[in-house]
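The values are calculated or read from the model by the stated rules, or taken from the named source; none is laboratory data. These numbers come from a predicted model, not from an experiment. Cβ: placed from backbone, ideal geometry, glycine included. Neighbour counts: every protein chain shown.
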Amino acid sequence: MKLSLNKFIELAIFIPALILFGFSSFFFYQNFQNYQKIQKTQKYITLTKKLENILVALGQERGTSSIYFVSKGKYPHSREVVTKKRANMSKAINALKQFINQNPKYYNETENIISLTNQLPGIRKKIDSFSNIKYKEWFFGYYTVLENEIINQIYQLSKKFPLKLQALYRAKIPFEKATAYTGIIRGFVSYYITADLPLSQDDYKGVLLKYYHDTNILPIAQFKGTPVYNEFNSKKFKNLESNIKSIMFYIEQANMEYYNNGEFNGYPIDAFDYFHEMTKRITYFKKTTDYINTDINSNIDIIKTNATKNFIIYTILFFISIILLLIGIYVNKLLKTHINELSTLISSITPIITGKKTKIDVASPEGMHKAIQTVSEAIEITQEAIKKSEESTKAKSLFLANMSHEIRTPLNGILGFLELLKATEANEEQQDYISTIELSAKNLLQIVNNILDVSKIESQKISIEEIDFRALDEFENTIEIFAAPTAQKNIEYAADISPDIPTVLKGDILKIKEILTNLINNSMKFTQKNGSITVRIKNNGIKDNIAEIYFEVEDTGIGMSEEQKAKVFEAFTQADESVTRRYGGTGLGLTIVKNYIEMMNGQIKVESELNKGTKFFFTLKLPVIDKTPRYQASLYKDKTFAILKTQTDSLRKNITFKYFSYFGIDKITFNNANEIESLINTEKIESIILFYQESDKKEIENILNKELNIPVIMIASYAFKEAIDKLSPEINIYDPVTPTKTFNSTESLKETKQLIQSSKEETPIYKIKALVAEDNPINMKLITTTLKNLGVETDTANNGLEAFNKYSMYPDKYDVIFMDVQMPIMDGIETTQEIIEYEEEEELPHTPIIAVTANVLKGDKERFLGSGMDDYISKPINKNELHRVLEQIAKHRYSKTVHIIQKEENNNELKEAQETPRNEEKSIKEKKIILATESSFLANYLKITLKENFEIATNLKELSKLATKDNLNIILLEEDFTGANLEQLISSIKKENPDTIVIAITEKTIKNADAIIEDLNPEEIEKTIQKVSK
Amino acid sequence: MKKLFLVLILTISAFALDLTFTKAFNNFNKGTRFEQTDKQKANQYFQKAFFLIQQMQHKDTSQVNYMLGEMYSNGWGIEQNYQKAEKYFLKAINLGNVRANCSLAKLYIQMGKSNLARKYLNYALSYPSVAHYCKDISQNNLTIKGETK
């Protein structure tokens, strides 16, 4: 059967619901009827009870009326008793009448009885006359008739009872009959006893014999186990029965005597006693009927309870079925709606496939089939489309990458030669043109780089590195890049960085730097003169070894509207079209920034208001490698700075004070030069802080003119460099003020103090020329100043390329090159390699290159030295280290492939290094170990394994050059050195310099060697050297 | 033979019922049996009967009054007293006792109140079952048969 889904759902829901509804209605109705039946039964029980009450009263009235009648009311108490019994009877009859009044429908059943009872008053009256009626007339003709009628009616009523109860009900009848019969005998015979008359033979047969029965004939056995049974089997009842038996026997005897002999001699029973005994008997029968009634009632109660229970259950079921039906209707509707919606949806997809809209009905089987078809076809088509678009994107990216590369190559050429051109002698006009061209070319390069980055991101070629980096240092470096440009634009530039950022974090520091650079660049672009840019980097705590670092770049620039904000991160979108025209850029920067941040599981947000400013901020979670705070809090808690009162507030001032607080530096404010003079005498002031832009210039002059012997730190923007230089404070801090600058300045206070206080102190002077390659102007200043103070002449280069150019122009000019490792254009390592290559090509003597680096992590050392650098010092520049290096240079200790290995960086080592020269000075000749080998392997090996410092000679010329007469030379002579005969070589060496100790590295026995090293066990070698040097 | 049988049964049954009246009645009957033959024994029974009657709770019944009437009338177990006998018989008759009518008629004859005697005799004779009680009385001359005037 082809059923639509809708029809099927309808059937599936409604048929069971309807069935349930039908069943529950049926049972509900049935139970209801049952319930009603029980109500009716209960009514019948009440009716029966009323009739039974009448029976009891009737028996008593009849019985007592007998004695009353025979004695004409004179029998003792008979009158009262009869009155009482009549009252009971009337009461019982009235109760019945009342019941019928309340329940008129039972009138039919009791009609006869009621009409009979209506005759009762008349009968009573006649009885009272003692003469208007004969005994048997009222005894049998009325009372007994009524009695029979009632018993009959009771029996008829039993049919109205439920089958279960009928049997129980009918069990009463024999007992009720027994009651009636006993009543008859009681009443009837007591008449004759009172009259002292024998019964007529008819009466004897028709009444006495008829109505007297032994209780044996009663169905007592069925009551086994009940109290009734126990009663009938009790001693008391058995006594009673035997008494009654005796009584009946006597009565029979008395009558029989009369019938046989004609003699009647009275009854040996007192009428009263007789009546009494018979009444007792009736009591037992009554007990039985009462018991059965109770039983019936309790049965009825049980049935009623059950029926009520069932009634409730079925009512509930009935309502549940209605609810289910309603739910069914609702669900059906819902399903129908959904199916229709589904049909509509799939119908709407059909145009994709067939081009026109066809109607599909999901409910029907064919419709479902068609729907499945439609959807799968639609998916196929969509997948095709996706594939095509992916391919086209890939092609586009590839194209972009290629084109970018093609474009970059000539661009680099342009930039490179511009650099060279700058270094040539060009006049002012030409220099101007060169600068302009350089700027354009650089911008173009940036654009191309951005395009490349974006395409890399799109083709997912970018990955996030996991490098350990010195967090604070790297951030500060990046921020510092914009110190000069912002100063040029008169923009206040502030950096609020948490000094307690963990020293080393892990992450993609290059990308973070790119992000910061991009954001600060943007801020610079869009902020006008006298605006401000604030960079905030906050340590938001470490959890599970992950540091949460918050980055923010805020400016007071032109801002953006809501619309512009919404699109700002989209590729190639700038705030509006005029932006490119006015401010330049590609519109790719922020896209790249957003992508990078998201790749690092962060999220960049922007807040901005037109003409008020913009704030970009994001948070990164970076694993912690070294959790010690970069700078300890309260590091300088014993220091106090005196600060000249400021007249204006500024970001720089607030942030500086923040850093002072962090370092625990106490601040005392003073108003003028006189005040500070007296203050110095009372307080221990470490330094005087002057905020150039915020304080009175006259006062600043006054203070600096005074010879206070306390170092002055001047804090201002780079824009005021010239003016400040004229004043020559001991230390300058230029915007942005950073924790490192604060730290460095405070650290260098000790040195500057020394400089001020003991200018007579002999400072070693190195008369050497140095080339310093450093992109950060502050660091540059620091190194150059320090070097100058040591008598070193310095030339500067702002990046690797410049350094290379300057070097290559006058290769002999410099005794040493201090090479910052991280520089733009060409970094330290590249530059070093270029220089070494150049030296090799041009066969120039090697100029030592010292790496100046903030990074000193695992692998860095090896990296620097491996790339050709001769040594390294870490930033910030430590004077002692600088001394050490300069000394080495002064003593020409560096040659092309000498690598002095520093195992530890701590001062102890340096102190040792300082000490050993002194020791050496004491001895007459300095010990010098020279390794003579052509094998770079051996050289490297010994480099690593030997504790001692040594120099390497790769040929005879070098060897003679190194083995000067003013040293005690220990030559480690390798076997195959220059292929010459070892013994001959040794003898010639010793001829030239007899003190020279030669240790041969060979397995052969060499006669004139001072020692032989057979195997390259480092301990052996050390031992040997020790031995021979004594 | 029947009489013996009856006596036996009565004797046995005398002990079956524990009712005072029944005991009194049985004693009274035994007394009437031995009245002709053994006056002494009969008196003993009558006295016992009288004694039991006094113990009865409800003495004022037709049967008791009849018994007392008989006893006083005949001097059975107690001193003969016609007045008392008359009283008791009347009482019994009031209470519906029919036999007492004959006894009272007999009494009135012995007391010489023939009119009353006739009245009660007629009344008694209206009950055929009682007639034999009055068989002692000759209806014509109102004398008690077997008794010399």
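Here are some notes:
- Among the numbered conditions (1) crowded, with 22+ Cβ neighbours inside 10 Å; (2) in contact with a Lys or Arg (Cβ under 8 Å, 6 or more places away or on another chain); (3) closer than 23 Å to A:L610 by Cβ, the only one that A:T556 does not meet is (1).
- Strands (runs of 3 or more DSSP E) enclosed by region A:475-560 - at least 3 residues per element that are touching an Asp or Glu at 6+ places or on another chain (Cβ under 9 Å): A:492-497, A:502-507, A:532-543
- Scanning region A:431-471 for residues that are of a type outside the set (D, E) and assigned to a strand (DSSP E or B) yields A:I467, A:F469, A:R470.
- Residue that is surrounded by the most Cβ atoms within 10 Å (Cβ to Cβ), among those in region A:692-741 that are small (G, A, S) and more than 19 Å from A:I533 (Cα to Cα): A:S695
- Residues located in region B:23-34, provided they are of a type outside the set (G, A, S) and within 13 Å of chain A (Cβ to nearest Cβ): B:K23, B:F25, B:N26, B:N27, B:F28, B:N29, B:K30, B:T32, B:R33
- Check on A:D508, charged (D, E, K, R) and under 29 Å from the mean Cα position of the chain (by Cα): yes
Every residue, every condition in (1) surrounded by 15 or more Cβ atoms within 10 Å (Cβ to Cβ); (2) in a helix (DSSP H, G or I); (3) aromatic (F, W, Y), yes or no:
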site: A:N299; (1), (2), (3): yes, yes, no
site: A:I313; (1), (2), (3): no, yes, no
site: A:F319; (1), (2), (3): no, yes, yes
site: A:I327; (1), (2), (3): no, yes, no
site: A:L335; (1), (2), (3): yes, yes, no
site: A:S347; (1), (2), (3): yes, yes, no
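- Only one of B:K87, B:K48 that is at pLDDT 90 or above and over 29 Å from B:L125 (Cβ atoms): B:K48
- Counting only residues that are farther than 18 Å from A:E881 by Cβ, modelled with pLDDT of 80 or more and β-branched (V, I, T), region A:772-806 holds 1 of them.
- Qualifying residues in region A:210-267 (those that are exposed (fewer than 12 other Cβ atoms within 10 Å of the Cβ) and aliphatic (A, V, I, L, M)) - the one nearest to A:I184 (Cα to Cα): A:I217
- Of the residues contained in region A:649-661, one or more are found to be in contact with an Asp or Glu (Cβ under 8 Å, 6 or more places away or on another chain) and part of a loop (DSSP other than H, G, I, E, B).
For every residue, the table says whether it meets (1) facing chain B (nearest Cβ under 8 Å); (2) free of Cβ contacts under 8 Å to residues at least 24 places away in the same chain; (3) not basic (K, R).
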{"position": "A:K235", "(1), (2), (3)": "no, yes, no"}
{"position": "A:I247", "(1), (2), (3)": "yes, no, yes"}
{"position": "A:E257", "(1), (2), (3)": "yes, yes, yes"}
{"position": "A:G266", "(1), (2), (3)": "yes, no, yes"}
{"position": "A:K286", "(1), (2), (3)": "no, no, no"}
{"position": "A:D295", "(1), (2), (3)": "no, no, yes"}
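- Spans of strands (runs of 3 or more DSSP E) in region A:777-880 with at least 3 residues over 51 Å from the mean Cα position of the chain (by Cα) and of a type in the set (A, V, I, L, M, F, W, C): A:816-820
- Among the residues of region B:46-68, those that are surrounded by 23 or more Cβ atoms within 10 Å (Cβ to Cβ) and farther than 17 Å from A:A271 by Cβ comprise B:F46, B:A49.
- A:L505 vs. criteria buried (at least 22 other Cβ atoms within 10 Å of the Cβ), in contact (Cβ under 8 Å) with a residue 12 or more places away in the chain and over 20 Å from A:I558 (Cα atoms): yes
- Test: residue in region A:1000-1009 that is under 60 Å from the mean Cα position of the chain (by Cα), of a type in the set (S, T, N, Q) and modelled with pLDDT under 85: no
- Test set (1) surrounded by 15 or more Cβ atoms within 10 Å (Cβ to Cβ); (2) charged (D, E, K, R); (3) within 60 Å of the chain's Cα centre (by Cα) - A:K7 fails condition number: (1)
- Residue list for region A:171-223, filter: more than 14 Å from chain B (Cβ to nearest Cβ), assigned to a loop (DSSP other than H, G, I, E, B) and either modelled with pLDDT of 90 or more or out of contact with any Pro (no Cβ under 8 Å at 6 or more places or on another chain) (or both): A:Y212, A:H213, A:D214, A:I220
- Residues located in region A:934-991, provided they are at pLDDT 80 or above, in a helix (DSSP H, G or I), of a type outside the set (D, E, K, R) and under 60 Å from the mean Cα position of the chain (by Cα): A:L938, A:A939, A:N940, A:Y941, A:L942
- Per-region count, region A:619-644, residues free of Cβ contacts under 8 Å to residues at least 60 places away in the same chain and among the charged types (D, E, K, R): 2
- Residue in region A:60-69 that is within 14 Å of another protein chain (Cβ to nearest Cβ), assigned to a helix (DSSP H, G or I) and hydrophobic (A, V, I, L, M, F, W, C) present: yes
- Residue check for B:E79: surrounded by fewer than 17 Cβ atoms within 10 Å (Cβ to Cβ) and at pLDDT 85 or above: yes
- Hits in region A:528-545 (condition: in contact (Cβ under 8 Å) with a residue 40 or more places away in the chain, over 12 Å from A:I497 (Cβ atoms) and out of contact with any Leu (no Cβ under 7 Å at 6 or more places or on another chain)): A:K529, A:N530, A:G531, A:I533, A:N540, A:I542, A:N545
- Taking residues in region A:119-147 that are more than 12 Å from A:R62 (Cα to Cα), and partners anywhere that are among the β-branched types (V, I, T), the pairs with Cβ atoms closer than 6 Å and at least 6 places apart or on different chains are A:K126/A:I133.
- For the residues B:Y88, B:Y72, B:Y66, B:Y108, the requirement of being among the aromatic types (F, W, Y), assigned to a helix (DSSP H, G or I), more than 15 Å from B:F25 (Cα to Cα) and within 10 Å of the chain's Cα centre (by Cα) singles out B:Y72.
- Residue check, A:E277 in a helix (DSSP H, G or I) and either crowded, with 18+ Cβ neighbours inside 10 Å or more than 10 Å from chain B (Cβ to nearest Cβ) (or both): yes
- Complete set of residues in region B:75-101 that are under 23 Å from B:Q36 (Cα atoms) and without any contact (Cβ under 8 Å) to a residue 12 or more places away in the chain: B:G75, B:E79, B:Q80, B:N81
Results for (1) within 28 Å of B:H58 (Cβ to Cβ); (2) within 14 Å of chain A (Cβ to nearest Cβ); (3) surrounded by fewer than 20 Cβ atoms within 10 Å (Cβ to Cβ), shown as yes or no for each residue.
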position: B:Y88; (1), (2), (3): yes, yes, no
position: B:K91; (1), (2), (3): yes, yes, no
position: B:N94; (1), (2), (3): yes, yes, yes
position: B:S103; (1), (2), (3): yes, yes, no
position: B:L107; (1), (2), (3): yes, no, no
position: B:K119; (1), (2), (3): no, no, yes
position: B:Y123; (1), (2), (3): yes, yes, yes
